[in-house]
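What follows draws every value from the coordinates through simple rules; no lab data is involved. All figures in this text were calculated on a predicted structure; none of them were measured in a lab. Here the Cβ is made from the backbone with ideal geometry for all residues, glycine too, and neighbour counts use every protein chain on show.
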Amino acid sequence: MDINEALRVADELVLAKTGKHLDNLQQKILRGSWQGKKYSQIAKEFKCGDRHVGNVASKLWQMISEILEENVTKSSFRSAIERYQVYHSTFGDFNFVQSHLNVCTEPLHHSKAKQNSPPPPPATEENPQDKPRLNLRDAPAIAKFYRRTCELTTLENWIIQKQCRLVAILGISGTGKSAIARHLITQIQTQFDCIFWHSFRTSPPLETTLKKLTEFICDRPVTDLPDRIEAQLAILLEYLRNSRCLIICDDGQQLFQGEQLSGTYKTGYENYGTFFKLLGEMDHNSCLIFTSSEPALEILTFPPDYQGVQVLYLTGVSEAAAREILQQNDLLDQDKWGELINLFQANPLYLKLTARTINNLFAGRVAAYLSYQSEFSILGDELTLILQQQYQRLSPTEKQVLNASIAQAAPANLPQLLKTYQGSPTDVFSAIQSLVRRGLIAQKIHNQETVFQVIPAFQQYVKNLQH
Ligand SMILES: Nc1ncnc2c1ncn2[C@@H]1O[C@H](COP(=O)(O)OP(=O)(O)O)[C@@H](O)[C@H]1O
Ligand SMILES: [Mg+2]
């Protein structure tokens with residue numbers, strides 16, 4: 001980690017806690033401390049008094065200590081922030097610091113809700129009113145993030161230029177949906193009045209979600225919401241019209257029932273369908289980003305050319321980014337990296353977990369790891385657990401179609417899959433579509449017909465189950 005990276009991480013943490021970026025003197029103190037400079041030297045370079053630097057530094061260490069939940073001083077800043085970064089690049093998915101951050105309750109300075117007006121200029125130190133009110137308590141920590149330039153540009157274009165009201169980011173677990181949404185915030189935050197990260201991890205009923213969103217946007221507790229959910233929705237929509245809010249609803253798959261076709265709501269959660277439909281259809285000035293490994297079917301019913309609703313299917317990272325992940329994890333045998341990346345379809349989480357397995361069992365030798373591939377797969381306990389969770393969510397017909405598809409030597413076409421299944425063809429069609437929506441089966445055109453193939457990592461998992 002270098003000083004610029006350390007400053008970036010520290011700035012993100014401070015921004016999430018206070019809603020404000022580090023100012024110039026705070027940055028200078030962190031940079032100087034990193035370089036082992038004395039406060040008097042920092043004061044001299046900043047052309048201010050020693051005591052002023054000392055006071056600002058003392059408050060800064062106190063704030064960083066609270067965020068990192070350990071005593072951070074001038075001499076321990078470097079090791080503390082490095083430890084934080086290592087922790088988060090290993091366990092990027094877990095909320096460590098964010099769960100202890102406060103909601104920033106700065107009032108809105110001005111509304112950015114005017115539709116069709118050109119986007120305001122980017123925020124600078126001089127116009128702090130461009131900083132939105134944030135609540136990112138439930139967001140994942142900012143971790144090392146490679147490229148995704150193309151996807152970030154697409155998302156920015158949809159949300160800022162095209163003013164989309166509803167954007168879904170779909171893809172299998174570990175592909176980086178939460179990470180890209182988190183990075184997008186940094187890129188576009190000045191265009192919004194307020195930004196709220198809402199996690200579906202605990203499967204909140206729609207009433208809870210509506211209350212949380214309404215309270216955040218109007219910036220006060222709301223005790224007088226009507227009983228009828230339609231009326232609560234109407235109130236939220238009014239707020240979404242009056243200001244420009246960015247809402248990220250993460251981990252959407254938690255709204256859906258396991259052992260059913262993908263996108264089947266849990267009992268009592270069906271009214272989320274109306275929520276997504278209304279947010280996509282109604283005229284308002286805000287944007288909801290929905291990330292999920294299972295789509296809400298209501299979002300997919302908007303035609304691709306519908307103004308205001310877009311879907312991004314996120315697949316693995318680029319080969320160059322995947323190589324950087326392997327490099328970061330100290331793997332050897334670079335000539336075999338391409339094979340490893342293909343095996344895991346450049347899924348960053350799968351690659352990180354497999355890198356750990358290769359380091360533990362094969363001292364980082366990718367060739368040695370791959371040499372076992374023809375006989376059986378070593379997925380490692382952590383990755384196996386993640387794949388198992390996905391497998392357990394499948395409906396019985398999906399499992400049968402999956403097994404039938406894996407039994408074929410080459411990618412199978414529809415007649416081949418139908419032949420191996422005893423039940424109704426309609427069930428097979430639905431199961432295939434559901435598996436495709438989950439990103440577990442890939443379709444491609446071969447000899448002018450559509451063929452289906454289970455993604456390699458999942459193939460390995462199912463084969464391991466059969467042995
Ligand atoms: N572009 C990227 N570069 C490096 N690491 C990434 C990238 N995208 C995601 N990751 C890492 O991969 C892991 C899974 O990402 P996450 O966003 O949690 O996936 P998802 O939300 O799709 O399940 C996390 O550790 C995250 O930091
Ligand atoms: Mg996620």
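A few comments on the model shown:
- Using a simple spin-label model with pseudo-atoms 7 Å out from Cα toward Cβ, Thr267 and Leu225 lie 2.4 nm apart.
- In this structure, Glu281 and Tyr313 have a Cβ-Cβ separation that, at R0 = 22 Å, corresponds to a calculated FRET efficiency of about 0.50.
- Taking the Cα centre of region 137-191 as origin and assigning +1 to Lys and Arg Cβ atoms and -1 to Asp and Glu Cβ atoms, the resulting dipole is close to 60 debye.
- The packing ranking, built from the mean of other Cβ atoms within 10 Å per residue, places the peptides 329-339, 444-454 in the order 329-339, 444-454, highest first.
- Dipole size of region 128-313 about its Cα centre, with +1 on Lys/Arg Cβ and -1 on Asp/Glu Cβ: approximately 660 debye, rounded to the nearest 20.
- The length gained by stretching the chain between Gln416 and Gln392 to full extension, at 0.36 nm per residue less their Cα-Cα distance, is 6.2 nm.
- Only helices enter this figure: runs of n ≥ 4 DSSP H residues, each worth -39500 (n - 2.57), summed and divided by the residues of the chain, yield -14500 deg cm²/dmol at 222 nm to the nearest 500.
- Contour excess over end-to-end distance, with Cα ends at Thr426 and Tyr306 and 0.36 nm allotted per residue: 40.3 nm
- Legend: ranking of residues Phe458, Phe196 from fewest to most surrounding C-beta atoms inside 10 Å; resulting order Phe458, Phe196.
- Sequentially through region 222-230, phi angles give Karplus couplings (6.51, -1.76, 1.60; θ = phi - 60°) of 10, 10, 10, 6, x, 6, 6, 5, 4 Hz, Gly and Pro residues having no value and appearing as x.
- Translational diffusion of region 128-313, µm² s⁻¹ [Kirkwood Rh, Cα pairs; Stokes-Einstein; 37 °C; 0.692 mPa s]: 197 µm²/s
- Degrees, to the nearest 10: 50-68 long Cα axis against longest axis of the chain: 30 degrees
- Rh by Kirkwood over Cα pairs, then Stokes-Einstein D for region 3-90 at 1.306 mPa s and 10 °C, µm²/s: 122 µm²/s
- Ascending count of other beta-carbon atoms within 10 Å, so fewest first, for Met63, Met282: Met282, Met63
- To the nearest ten degrees, helix 206-218 and the longest principal axis of the Cα atoms of the chain are 30 degrees apart.
- Dipole in debye (nearest 20) - region 360-467, about Cα centre, beta carbon charges: Lys, Arg +1; Asp, Glu -1: 120 debye
- Against the chain, whose longest principal axis comes from its Cα atoms, helix 177-188 is set at around 40 degrees.
- The reciprocal of the average 1/r between distinct C-alpha atoms defines the Kirkwood hydrodynamic radius, which for the chain equals 24.4 Å.
- The Cα center of region 152-172 and the Cα center of region 295-344 differ in position by 16 Å.
- Put a dot 7 Å past the Cα of Asn403, heading toward its Cβ, do the same for Ile445, and the two dots end up 3.4 nm apart.
- For region 1-57 and region 395-440, distance of Cα centres in Å: 58 Å
- DSSP bridge pairs, the chain: antiparallel proportion in percent, nearest 5: 30 percent
- Packing, taken as the mean count of other beta carbons within 10 Å per residue, orders the peptides 302-309, 349-356, 54-61 from highest to lowest as 349-356, 54-61, 302-309.
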